[in-house]
1. Please verify whether segment B:44-57 includes one or more residues that are buried (at least 18 other Cβ atoms within 10 Å of the Cβ), touching a Lys or Arg at 6+ places or on another chain (Cβ under 6 Å) and aliphatic (A, V, I, L, M).
2. Scan segment B:393-419 residue by residue and report those that are among the hydroxyl-bearing types (Ser, Thr, Tyr) and either in contact with a Gly (Cβ under 8 Å, 6 or more places away or on another chain) or surrounded by 14 or more Cβ atoms within 10 Å (Cβ to Cβ) (or both).
3. Is it true that B:THR320 is outside any helix (DSSP H, G or I) and buried (at least 21 other Cβ atoms within 10 Å of the Cβ)?
4. Which members of segment B:422-465 meet the condition of being modelled with pLDDT under 95 and within 21 Å of B:PHE356 (Cβ to Cβ)?
5. So is B:HIS258 touching a residue at least 12 places away in the same chain (Cβ under 8 Å) and within 13 Å of chain A (Cβ to nearest Cβ) or not?
6. From the list B:ILE35, B:ILE89, B:ILE82, which one is out of contact with any strand residue (DSSP E or B) (no Cβ under 6 Å at 6 or more places or on another chain), open to solvent by 10 Å² or more (accessible area, probe 1.4 Å), touching a residue at least 12 places away in the same chain (Cβ under 8 Å) and of a type in the set (A, V, I, L, M)?
7. When you go through (1) farther than 30 Å from B:PHE416 by Cβ; (2) assigned by TED's automatic domain parsing to the domain that holds B:PRO458; (3) modelled with pLDDT of 95 or more one by one for B:GLY391, which number turns out not to apply?
8. What residue, of B:VAL274, B:VAL286, is surrounded by 19 or more Cβ atoms within 10 Å (Cβ to Cβ) and under 24 Å from B:PHE244 (Cα atoms)?
Amino acid sequence: MTDYTYPSVLFAYLMFFIFTATTGYFLFRSVKAGYWGKNSEEPKFRMLEDDPLDPHTQPKAHTRN
Amino acid sequence: MSAMEKSGTAVQPQEFHQDIAAKWFLMSSVSYFAIVAIIALIIAAKFVWPEFLGSIQYFTYGRMRPLHVNGMLFGWLLAADIGLSFYFIPRLCGVKLWSEKLGVATAILWNIIILGAVFALPAGYQKGLEYADLPTPLAVLVVIAWLMYGFNIFATIYSRKYEQMYVSTWYLMATILWTAFVYLTGNFATLFTTGVNQANLNWMYTHNAVGLIFTPAGLAVAYYFIPRTSNTPLFSHKLSMVGFWSLAFVYVWTGAHHMLHGPITQWLQTISIVFSIMLLIPVWAVVYNFIASMKGQWHQLGENVSLKFLMSGTIFYLLTCFQGPMHSLRSVNAIVSKTDWIPGHAHMAVMGAFSFFAMAGVYHVVPRIFGTKLHSETLANWSFWLFLIGGLGMFTSLWLGGFWQGWQWSTGNIKFIDTVIALKPVWVVRLLSGVLIATGIYTFMFNIWSTALGTKLPQGESAAV
């Protein structure tokens, strides 16, 4: 049987590298997209109003501070 | 137009959500939950009475355990998380699900896979790799189903109405991408390796199956349903981003802590310990956010079953994620590794934290998508308390038993068989706890199916618990 140990370990390292690089890239993108800025809290209020057909969860007057 | 909306998109009234794919996934996952509970009880009984069903090859421990593990992970939990995501992603994006037909096709394929596993695993068709037991043809079908699911979700997110995405959307996108990587490694890359390297890759998969599949999926669910069921905004969206990105950076390296004191390089062992300790950052960011969101809202726990499940799951998440880094330390690991401590830890993560989150989501969603009222609030409370008390009994008995087991092994002068006999009382407690948990699961399943089949409420009337 052919042993693919070294290629598979190198494959795993490659995947680790791709993971770290793409994580860094998307983290950078998230900064550019405003997730760390002054409007970063907007989604948490909007999600409470996302289903007007659900009468039970009509939002209270939430404070957007 | 809000600055947060995508340019050129006007605010539209919410479209009607069909939720057909969500119904398929949720109802089948709840059913598998109940079926696999029987398997769990059989396994627990075998610890107390080793001869129990031992003469029938299909019911031997080596065939039952993979069915229990895969059934709970893929038949119940992941399917439930998929079903819940088909509910909340379209709502968070302000659009319909990209394709309900594709979602239903995914659900049908998923059911074929699970039913295939129900026959294949007891018949002895399995790869013999932890969490990757499914025979290769079924594992290939899982990849196809995941591509279908991922395409549907990403297409929905791509067409979203709002530029900025809520944190649940982030976690779910990550689940889809990370699962692709983790599942392929565990189920296919391991087939090309041998010996200790295969074990190392397999543990990377096994640990990341929890950390990079069930954790982000479970947190996506919790981040959505804690604010929704309490009708209170999340404490901090920015803090949720800190939790998300720190998880993304540190989790992938932790799998090798299962190989501590084993024949792998010391640097890899040390790296896995360091990154395991660093996991405290995302965990505490998440837990603080959940607890702080409940400020002034704790009184809701008395009457809100979903919230009971969510906050208990949060506590279990904190405990299991404190326990994990601590037993990654070499000194602690030397005692607890390979003992009953580890299944105690794993059950608290997958059952205590993420199944609690999923059950909360199912209780919240099913009355809404079927347009009915929850069949019985009393039964829902019973399912919670049975699950909680049974879970606590199981976790604590396994931790204490595991620590005791490890201590006995480490003395070096106690015969192994004596350490097995000594643990019998622990396994009796585990079986009794399992009976409570299974009763909780059947109560849950009965309540959910009765709700789904119940009388439809008039349009606009509250379907909520």
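The values are calculated or read from the model by the stated rules, or taken from the named source; none is laboratory data. Everything quoted here is computed from the prediction, not taken from an experiment. Neighbour counts are summed over all protein chains in view; Cβ atoms, including those assigned to glycine, are modelled from backbone coordinates with ideal geometry. Ligands, DNA and RNA are excluded from the accessible area calculation, which covers all protein heavy atoms including side chains. Shrake-Rupley method; radii C 1.70, N 1.55, O 1.52, S 1.80 Å.
1. yes
2. The initial filter retains those residues of segment B:393-419 that are among the hydroxyl-bearing types (Ser, Thr, Tyr), namely B:396-397, B:410-411, B:419.
Within segment B:393-419, B:THR396, B:SER397, B:THR419 qualify.
3. Working: outside any helix (DSSP H, G or I): no; buried (at least 21 other Cβ atoms within 10 Å of the Cβ): yes.
Against the criterion (outside any helix (DSSP H, G or I) and buried (at least 21 other Cβ atoms within 10 Å of the Cβ)), B:THR320 does not qualify.
4. Matches in segment B:422-465: B:ALA464, B:VAL465.
5. Numbers: touching a residue at least 12 places away in the same chain (Cβ under 8 Å): yes; within 13 Å of chain A (Cβ to nearest Cβ): no.
No; evaluated as a whole, the condition is false for this residue.
6. Values: B:ILE89 fails: open to solvent by 10 Å² or more (accessible area, probe 1.4 Å); B:ILE82 fails: open to solvent by 10 Å² or more (accessible area, probe 1.4 Å).
Answer to the selection: B:ILE35.
7. Of everything listed in (1) farther than 30 Å from B:PHE416 by Cβ; (2) assigned by TED's automatic domain parsing to the domain that holds B:PRO458; (3) modelled with pLDDT of 95 or more, B:GLY391 misses just condition (1).
8. Numbers: B:VAL274 fails: surrounded by 19 or more Cβ atoms within 10 Å (Cβ to Cβ).
The unique qualifying residue is B:VAL286.
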